[in-house]
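Some notes on the structure that comes next.
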Amino acid sequence: MTAPAKSSKLVKGGNGEWEVVIGMEIHAQVTSKAKLFSGASTEFGGAPNSHVSLVDAAMPGMLPVINEHCVAQAVRTGLGLKAKINLKSVFDRKNYFYPDLPQGYQISQYKSPIVGEGKVIVDTDDNQTVTIGIERLHLEQDAGKSIHDRHPSMSFVDLNRSGVALMEIVSKPEIHSVWDAMNFVAKVRQILQYAGSCDGDMEKGNLRVDVNVSVRKPGAPLGTRCEIKNLNSITFIGHAIDDEARRQIELLESGGKVEQETRLFDSVRGGTRSMRTKEEAHDYRYFPDPDLLPLELDEKFVKSIADSQPEWPDEKRERLIQDYGLSLLDATKLIRERETADYFESVAKGRDAKAAANFVINELAGRLNKEATSIEASPVSAKQVGTILDLIAEGTISGKIAKDLFEIVWAEGGDPRAIVEKRGLQQVTDTGAIEKVIDDIIAKNPDKVAEVKTKPKALGWFVGEVMKATQGKANPQAVNELLKKKLGI
Amino acid sequence: MTSLTSLTLTEARDGLRAKKFSARELAGAHLKAMEEARGLNAFVLETPEHAQQMAGQSDQRLKKGDARPLEGIPLAVKDLYCTEGVRTTACSKILENFIPAYESTVTGNLWRDGAVMLGKTNMDEFAMGSSNEASAFGPVQSPWRRKGSNAPLVPGGSSGGSATAVAARLAPAAIGTDTGGSIRQPAAFTGTVGMKPTYGRCSRWGIVAFASSLDQAGPFARTIKDAAVLLRSMAGHDAKDSTSADVKVPDFEKAVGKSVKGMKIGIPKEYRVPAMPAEIEKLWAQGAEWLKKAGAELVDISLPHTRYALPAYYIVAPAEASSNLARYDGVRYGLSVPGHDITELYQKTRAAGFGREVRRRVLIGTYVLSAGYYDAYYLRAQKVRTLIKRDFEQAFAQGIDAVLTPTTPSAAFAIGEKSGADPVEMYLNDVFTVTVNMAGLPGISVPAGLDGGGLPLGLQLIGKPFDEETLFSLGHVIEQAAGKFQPEKWWAA
């Protein structure tokens, strides 16, 4: 059913190698101002129970009405997953009792999801790619939040999340390594962010992952799987899979049997522990929700969404490589977030693309990272970076000065060109002025002059001195040439 | 002034406009009649202040010549409709103190058109029943009695209170809901007109849900014309109900009195059930004859899957109900019985809050949706439903305009008579009406005669989707031929 994993991905056990088989369920909160079936707000962080409509509280006689925007978001995501959009899908009720589920059922899609099979291309850690199949994507309501630790004998319920739209994205069990699993989640998150259908914020719980793990001997039929629920960071996903695979291998190698069950990952102590066994699993009594008609979309609706989507990450990366001659690595870094790629493109327009890519990746991204700031909030605009690059290209400033200039613009803002003029940061290209400085240094350092005759590498010391004396403004090329001439090397 | 209670809805409408009496007088007369008839237990809540206040507003508009379609008309409302600020219980202990903060779309439409609320009527708990005996407020007594007997009879159900209010002249008209016959069967038992419109004709928003794919609001009245006028105000598309149909609401009143000449009336052979009393058989033939006399053509038809409708209905309806009633968990509103943990709170609350019939249907519904049983029960019932629908579609495709059947297989029975150990005996009351809900079609029950014991019997007309007009035209022919039926007043305060 699934292709065997490459031998490099096999896990060594005590008696031979094992293959890990991983499937994922990603729960992504749909970016939408209103909930999936009620007009209530989805804003995060409101006072408890302040974003609850009569529908969300399941008052008698209340009825759900589908939010068209959420449907469009699911379709857009489906397109990003290169998946089949089902023009007819059905909402079902998943029945179970819990205080944070006011209706006593969750409206979800069971047999007929809005999005069918698709695929995601994932970069592997050895610079290859692997294609992971998508089984489906469906829309469903989130539950509210139960709070059990505020009172010795009571629990509290906050229904602000109740009814918020989620997309559940289910992969095929085609992932065979921890790295691929982590990269898969990162890639899906990137697609969601490109679609604008989910912000991917795992800290806020806007992206949660359930992982199904089983192990088998290469070529053997699929083993019994365990599901690890509710992982909320990519690192935890990696640890959870690793711990769970090891647990299963040890169990099997010591003659035990893996029981199908739901497990929880302990992020503090590591390892997974049993939450409920198959026997304890709920019977959800799914059936089509009679309050909602089947969801029917027309081709025009799907096309209008496809037409309005700018570009998906894979296409963008390919284009950056083609159009700008970037390396795969640089292009990969630039497309990680759509905003970074957009920033790069506006900097690169009419300029040397490689220089633009370097500056954005090294100077800008490095600085943003240091300050934990997003590119949208960058204090230095693409236009300002462009001007800095122009100043370098014109020879007005050196690369080193450019870094200082960037810092000034970061801290104080302003037009880089004006700053250069005002602070006299222009490169000294006047050979007469540089010669004067060089003559002075040669005169004061006869020992160094003697040394450089035998050790040409000592030239660097002279360059440094000249730069120091000119506050870095001397044109490095001119300095080099003049030094060589004057020292006779 | 007591004669004001004998006016039909349209008579009262015209009288108000001609300023023969005021809306307050009209409301007052009915409120007084309600007081006198408390022994019937038709109302679970009387709302005299509301009524007088709304009637006062109507009087002002009538004075200005600014009357709306139902200006000043007093109405009784089944306690399944949520009414803003007015206790709404579905006649269940679990909602005994529930006061909605919102108004159902249908009642909202009625108040928009000037109607006046008299009170909330009794019903089987959560509309589950065919006799009104399954109410947390106790049974309703029919205003009808068998000749020579004082034995209390059921008014039918689940909308027994609304039917009784109209039959006993406590209200000129009322609204009910019909999931498997809950309007048409009590209408037949009480000699009133009751219609279940096409599924989607009226909004379900704000009506406590029983079985979402079957529930539909509808009118009770003493004449076909009144039912037509009332339905027009109730109906209309509602964006808050995804199953509400975006179709134009015609002026139904205009269909009343229209010629039925050339119409083809289907007489389905499958509705001739074993043990059906001869007088019902006779009445059915009589009804057909009346329509024929008026120029309609009678056609024998077959609706082959009819016999599977009742069992399929008693799978689909409980399945939906088991899920719809999950929200009554004692956590947010309604009855809450504490327990040592959440599971015990659920168990105690629902055991104390739901009556026997509701518990039975929740259990049946839970069972038929369970893993391993879903395909055998629920899925199969849905397939049967499709076949029942197709039976009707094929009949209509043959050129049939409407189908004529008896409404019920018997006249009203005594309180207690069918509430024994076997619930199926009660369920059999719905044998002729459930097909209509399963197919989503409009159906009307028209009073057509009395049985040997002097109890009313009804005939049912079933129409094409959104063709209630044809039913009003045909119903009017039966009404004209059969005359009207009124119980003798034996009750007093």
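For this structure, a couple of remarks:
- Debye equation applied to the C-alpha atoms of the range A:1-120, log10 I(q)/I(0) at 0.09, 0.12, 0.21 Å⁻¹: -0.41, -0.65, -1.31
- Once C-alpha pairs closer than 8 Å and six or more residues apart are averaged by separation and normalised to the residue number of the range A:9-301, the relative contact order reads 24 percent.
- Estimated 222 nm signal from helices in chain A, with DSSP H stretches of n ≥ 4 weighted -39500 (n - 2.57), rounded to 500: -11500 deg cm²/dmol
- Length-normalised contact order of chain A in % [C-alpha pairs under 8 Å, at least 6 apart]: 14 percent
- Gyration tensor (alpha-carbon) shape descriptor, the range B:72-173, a/c threshold 1.5: oblate
- Using θ = phi - 60° in the Karplus curve 6.51 cos²θ - 1.76 cosθ + 1.60, the 3J(HN,Hα) couplings for the range A:19-27 round to 10, 9, 10, 10, x, 10, 10, 9, 9 Hz; x is entered for Gly and Pro.
- Zero-based 10 Å bins, Cα pair distances in the range A:188-304, whole percents: 11, 29, 28, 22, 9, 1
- The angle between the Cα long axis of helix A:459-469 and the main principal axis of chain A comes to about 90°, on a 0 to 90 degree scale.
- Cut-off 12 Å between beta-carbons: net charge of the residues surrounding residue A:107, Lys and Arg +1, Asp and Glu -1: -3
- For the protein assembly as shown, the mean projected area of the C-alpha convex hull, equal to one quarter of the hull surface, is 55.1 nm².
- Among the trypsin sites (Lys or Arg not before Pro) in the range A:287-373, those placed in a DSSP loop whose Cβ has at most 12 other Cβ atoms within 10 Å are A:349.
- One Cα centroid belongs to the range B:328-393, the other to the range B:435-489; the line between them spans 32 Å.
- Loop-located trypsin sites (Lys or Arg not before Pro) in the range A:213-268, at most 11 other Cβ atoms within 10 Å (DSSP): A:257
- Rounded if a/c under 1.5, otherwise prolate or oblate - chain B, Cα gyration tensor axes: rounded
- Whole-Å distance, taken between Cα centres, linking the range B:154-181 and the range A:221-276: 60 Å
- Formal net charge of residues neighbouring residue A:408 (Cβ-Cβ distance under 14 Å; K, R +1; D, E -1): 0
- Above 26 Å, the calculated P(r) of the range A:9-301 contains 47 percent of its Cα-Cα pairs.
- Computed [θ] at 222 nm, helices only, for chain B once each DSSP H run of length n ≥ 4 contributes -39500 (n - 2.57): -11000 deg cm²/dmol
- Net charge of Cβ neighbours under 11 Å - reference residue A:143; Lys, Arg +1; Asp, Glu -1: -2
- Over chain A - Rg/Rh using Cα atoms and the Kirkwood inverse-distance radius: 1.11
- Annotation note: trypsin sites (Lys or Arg not before Pro) in the range B:143-193 located in DSSP loop regions with a Cβ neighbour count of at most 15 within 10 Å are B:147.
- Contact order normalised by residue count of chain B, Cα under 8 Å, 6+ apart, percent: 18 percent
- Once backbone amide H atoms are built at 1.01 Å from N, residue A:90 has A:112, A:295 as its partners under 5 Å, excluding neighbours fewer than 5 places away on the same chain.
- Peptide A:286-295 is shielded by partner chain Cβ atoms: per residue, an average of 5 of them sit within 10 Å of its Cβ.
- Solution diffusion estimate, µm²/s, Stokes-Einstein, the range A:248-342, Kirkwood Rh from C-alpha pairs, 25 °C, viscosity 0.890 mPa s: 125 µm²/s
- Relative to the longest principal axis of the Cα atoms of chain A, the long axis of helix A:431-444 makes an angle of roughly 80 degrees.
- Beta bridges assigned by DSSP with both partners in chain B are antiparallel in approximately 65 percent of cases.
- Tensor-based shape of the range A:431-487 (alpha-carbon gyration tensor, a/c under 1.5 rounded, otherwise prolate or oblate): prolate
Every number here is computed from the coordinates shown, using simple stated rules; none is lab data. Everything quoted here is computed from the prediction, not taken from an experiment. Backbone-built Cβ (ideal geometry, glycine too); neighbour counts: all protein chains shown.
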